[in-house]
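Comments concern the structure below.
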Amino acid sequence: MALLEILKFPDPRLRRKCQPVDAVTDEMRQFAQDMLETMYSFRGIGLAAAQVNRLIRLLVVDTRSKDPETDRYRLDEMTELERQIQQPLILFNPVIVGKQGKTTYDEGCLSVPSYYETVDRFEEIEVEALGPDGQKLHFKTDGLLAICIQHEIDHLDGKLFIDRLSPIKSARIKSKIRKHGYPEPLKEKEEVPL
Ligand code: ZN
């Protein structure tokens, strides 16, 4: 296992489009595990290969949250559809083949640390992908899991959540980061970056 370096906006490498994989190899499976380890170490709930400087269509997600008292997963915070999906989720070549409804969420991102803004997303999505063993996956989900998958697929297309804000807000945040960089991370983070 290895911790990977996460690229941060305005690094131009985050803007490149990732390519589908022909087959899932042992090396890619291992890489996905390294991505999970990296994501957990920064308390993120999703990470796309583009963020760790690899141009393949691969993302990892784990939106479950643990109750700090009991150390058990809070299943009551998940929707019925979310609970049916086994996490962590490793998806190669993910494609959204169906979408329905609208929702919003205060998104953050490991590549844009300390910024949280409300983004519009589809409420329910239907996804096709390859799993870590190269098996075909096809599932429907909603809730935070659906939001997170949409956010990570954007990364594979070189897109960031701060591109999805109003033009004024988007420009303001980008110029602030370009000028001043990022603030020191807070010790007690209440929100989770996607
Ligand atoms: Zn992100």
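Only the coordinates and a few stated rules stand behind these numbers; no lab work does. Remember, it's a predicted structure, so these values are computed and weren't measured experimentally. Counting neighbours? That spans all protein chains shown, and the Cβs are built from the backbone with ideal geometry, glycine included.
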> After finding the eigenvalues of the alpha carbon gyration tensor for the chain, what semi-axes result from the square roots of 5 times each, listed largest first in whole Å?
Replying inline: 24, 20, 18
>> Under a Cβ-only charge scheme (Lys and Arg +1, Asp and Glu -1), can you give me the dipole magnitude of the chain about the Cα centre, in debye to the nearest 20?
In response: 1000
> Relative contact order, percent, of the range 10-113 when contacts are C-alpha pairs under 8 Å separated by at least 6 residues?
Replying inline: 26
>> Give me the extension gain from Thr79 to Ala23: residue separation times 0.36 nm, minus the current Cα-Cα distance, reported in nm with one decimal.
In response: 17.0 nm
>> For a quick check, take a GNM of the chain with Cα springs below 10 Å and name the residue from Leu81, Leu110, Leu160 with the largest mean-square fluctuation.
In response: Leu81
>> Loop-only GluC sites (Glu not before Pro) in the range 92-194, please: DSSP not H, G, I, E or B, and at most 15 other Cβ atoms within 10 Å.
In response: Glu188, Glu190, Glu191
